[in-house]
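Peer 1: Got a structure for you, questions after.
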Amino acid sequence: MISDSDILAQARAFVYGLKGGQGVHVPAMTFRQWPRFMRLVHQLQAVTPE
């Protein structure tokens, strides 16, 4: 099972990849973990400078 710290690290890498123009992929996770991941991505996009 993926822990919260793993989800946070994956969300951070996803956002930095998007903002840096790099190729990104959605990590494998259960459907139950998906809302947490997307919430973190949304929050990180709001606070991460471009």
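Peer 1: Search the stretch 33-50 for residues that are under 11 Å from residue 16 (Cβ atoms) and pair each with any residue that is surrounded by fewer than 17 Cβ atoms within 10 Å (Cβ to Cβ) when their beta-carbon atoms are under 8 Å apart and the residues are at least 6 apart or on different chains.
Peer 2: Within 8 Å, the pairs are 44/12; 45/18; 45/19; 48/16; 48/19; 50/19.
Peer 1: Now for a different question. What pairs come up if the first residue lies in the stretch 19-30 and is in contact (Cβ under 8 Å) with a residue 12 or more places away in the chain, the second is open to solvent by 70 Å² or more (accessible area, probe 1.4 Å), and their beta carbons are under 6 Å apart, counting only those six or more places apart or on different chains?
Peer 2: Between residues of the stretch 19-30 that are in contact (Cβ under 8 Å) with a residue 12 or more places away in the chain and residues that are open to solvent by 70 Å² or more (accessible area, probe 1.4 Å), the close pairs are 19/50.
The values are calculated or read from the model by the stated rules, or taken from the named source; none is laboratory data. Not measured: the values here are computed from a predicted model. Using ideal geometry, Cβ is built from the backbone for each residue, glycine included, and neighbour counts are taken over all protein chains shown. Only protein heavy atoms, including side chains, enter the accessible area calculation; ligands, DNA and RNA are left aside. Shrake-Rupley method; radii C 1.70, N 1.55, O 1.52, S 1.80 Å.
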